[in-house]
Amino acid sequence: MFFQRSTTTPTTGGEMAASLHRVRDAIREERRKRIAERLKKPSVADFYKGRNVFITGGSGFVGRMVIEQLLRTCPDIGTIYLVMRAKKGTAPQDRLQGLLDVPLYDRLRAERPGALSKLVVLPGDITELGLGLSREHQDLLRKEVSVVFHIAASVRFDDPFQKAVFTNVRSTREVVALARGMRLASLVHVSTAYTNVNQDPEREQVYPTHLDWRSVIRMAEEMDAGSLWAMDCLGPKLRDFQPNSYTFTKALAEVLINEVADELPVVIVRPSIVMPTFKDPIPGWIDNLYGLGAFWAAAWKGLIRVSYSPYKDVAFDSVPGDVVTKITILASWARGLSYSVRAPPADGSAPKAKGVEVVHATVGKVGCSYTDMEWVTQELSTKIACTGMIRDTKYTLRNNYFVYLVEHWYHHILYGTVLDLAATLTGKKRRAMKAYRSLAVGLETLKQFSKEFNFTSENQEYIQTLMHPKDEDAYCTLAYFSGRDNIENLCDWASNTIKGVLMYAMKEDISPKNLKDIPKIKMAMKLYHGTMAAIAGIAAYSLVPS
């Protein structure tokens, strides 16, 4: 609310005070009206009371957090059905037990004992027709379920054409087909913010694709092995502007969802780079080494010393996992109550209701930049240490490619070769250069996202204003954005992120006792540098004519 400066000045202090009181009362009245309006809506817990939910991708990072958040904040939720396939000889039910036996669920077990008994696993495979579910289980879901979260996806950027299409596009078609038989309140499709990297800005809407999703599925189903191999080779031509098979297939899936928006209560959530949790249910939780998580793991193990990018101050749009989870569940709640999550236009006109509603789960300028990485590494390298470090933690970014190549050869290739040679001489397994090859692939992938992306966030911000007051403690995400506005908070966030990657994803010991090994590691590195300098000096001397 904006108040225009008056052209007339109150003649007395009493009139000035009365004017200020009127302004304050108007603000309070507006606030009371908004709260009263929000109180008329059911809370998230009220909405989910007695509801049964179906989740694909419940074994993944975001899926596991959605399960935890729902069970912890919605005590009266019904059954949560998960589709899960057998893996490496382990039955789906046994896989579930292993997935639940992690610190992510410790708070839930303490606050709501027995809540995990509401999980029911249905054997299936999202890459198969009908999601690989039996006819009996399909009928069960159609009869019992009213909320669907389609989170399952292959997040590998180099998947073969057929696998990427079956996992990310055809599975979406099969979920929609299943949902048509349900008394559906909402279907949330979790996509990615990078489906339209050619747009600037990328708005919270679905953009058309240059290929039809039906034709792409048909190609994947009908091609023989030789044709699919050729398709993989022609991948960049097929994808057009898309950087990889993941964003290409997720964009197709979005168009599919958009086409059924008039028929089903669907909504799309687009996360950017998902990082460890900010605070819920525990700070720093992560179960994988994708994206920036792999960088932090490599930095603290001593693998990476230098990287190259001309975009030193561009921030990666790295969003905490719990922020994604809260936005995803809020989107299902709003869509289930038929509330529009489209933010009203700034000019006060009615939103244009067209197509599926999209909510970004992004952070924009609050993300982590290469400059942040350098500073964090310098600040925390003497405060966090883990087992199995191959050298002390240091990191530098170079924007001069020639300087980077020299340092890369010395710090990575030469050092890895020396480590593998030492391993061979001592009868141990050679691992260093294999790790550096994997790291090189990871850093090359990260380059695709180390530039300025402009994601609009009007719907993301608007959905926060819709929530019931009872949901503010559990679902408000604004604390994260306000918590990154100074150096102290940045350091706390980074510390939790690094500890989470090491403890939960790497299963490393990060107890303070490891700090005593850092001086020894630094001494060993001085010996290494001295030896290399001596070898270089001897080689140079031998080349000088006598």
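One line per residue, one yes/no per condition, for (1) farther than 20 Å from Asp322 by Cα; (2) open to solvent by 30 Å² or more (accessible area, probe 1.4 Å); (3) outside any helix (DSSP H, G or I):
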| site | (1), (2), (3) |
| --- | --- |
| Pro113 | yes, yes, yes |
| Asp139 | yes, yes, no |
| Phe149 | no, no, yes |
| Phe157 | yes, yes, yes |
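Do the conditions hold for Arg170, that is, is it basic (Lys, Arg), surrounded by 23 or more Cβ atoms within 10 Å (Cβ to Cβ) and not in a loop (DSSP other than H, G, I, E, B)? Walk me through how you get there before you give the answer.
On the way: basic (Lys, Arg): yes; surrounded by 23 or more Cβ atoms within 10 Å (Cβ to Cβ): yes; not in a loop (DSSP other than H, G, I, E, B): yes.
Yes.
Would you check which residues across the range 43-92 are part of a strand (DSSP E or B) and of a type in the set (Lys, Arg) and list them? Outline the logic, then answer.
Of all residues in the range 43-92, those part of a strand (DSSP E or B) come to 49, 52-56, 77, 80-84, 87, 90.
Across the range 43-92, the qualifying residues are Lys49, Lys87.
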Could you grab me the full set of residues in the range 445-463 that are assigned to a loop (DSSP other than H, G, I, E, B), of a type outside the set (D, E, K, R) and either over 30 Å from Ser340 (Cβ atoms) or open to solvent by less than 20 Å² (accessible area, probe 1.4 Å) (or both)?
-> Gln448, Phe449, Ser450, Thr456
Enumerate the pairs (first residue in the range 460-473 and over 21 Å from His360 (Cβ atoms); second residue anywhere and among the polar types (S, T, N, Q) and open to solvent by less than 20 Å² (accessible area, probe 1.4 Å)) with beta-carbon separation below 7 Å, excluding pairs fewer than 6 apart on the same chain, so at least 6 apart or on different chains.
-> His468/Ser43; Lys470/Ser43
Cβ pairs under 7 Å, 6+ apart or interchain, first in the range 501-525 and touching a residue at least 40 places away in the same chain (Cβ under 8 Å), second basic (Lys, Arg) and not in a loop (DSSP other than H, G, I, E, B), ordered by first then second residue, are Ile510/Lys499
What number goes with the only condition from (1) touching a residue at least 12 places away in the same chain (Cβ under 8 Å); (2) within 23 Å of the chain's Cα centre (by Cα) that Arg239 does not pass?
-> (1)
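Taking the range 308-343 as the search range and keeping residues that are within 30 Å of Met65 (Cα to Cα) and at pLDDT below 85, which one is least open to solvent (accessible area, probe 1.4 Å)? Don't jump to the end; show me each part of the working.
Let us first name the residues in the range 308-343 that are within 30 Å of Met65 (Cα to Cα), namely 314-343.
Cutting the leftovers down to at pLDDT below 85 gives us 314-316.
Numbers: Val314: 23, Ala315: 27, Phe316: 1 Å².
That would be Phe316.
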Picking from Leu140, Leu108, Leu133, the residue that is out of contact with any Ser or Thr (no Cβ under 6 Å at 6 or more places or on another chain), in contact (Cβ under 8 Å) with a residue 60 or more places away in the chain and of a type in the set (A, V, I, L, M, F, W, C) would be Leu108
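So which residues in the range 50-94 are modelled with pLDDT under 90 and open to solvent by less than 40 Å² (accessible area, probe 1.4 Å), if there are any at all? Write out each step before concluding.
Step one: of the range 50-94, the residues modelled with pLDDT under 90 are 86-94.
Within the range 50-94, Pro92 is the sole residue that qualifies.
The values are calculated or read from the model by the stated rules, or taken from the named source; none is laboratory data. All values reported here derive from a predicted model rather than from experimental measurement. Note that we place each Cβ from the backbone using ideal geometry, even for glycine, and neighbour counts take in every protein chain shown. Surface accessibility is based on the protein's heavy atoms, side chains included, excluding ligands, DNA and RNA. Shrake-Rupley method; radii C 1.70, N 1.55, O 1.52, S 1.80 Å.
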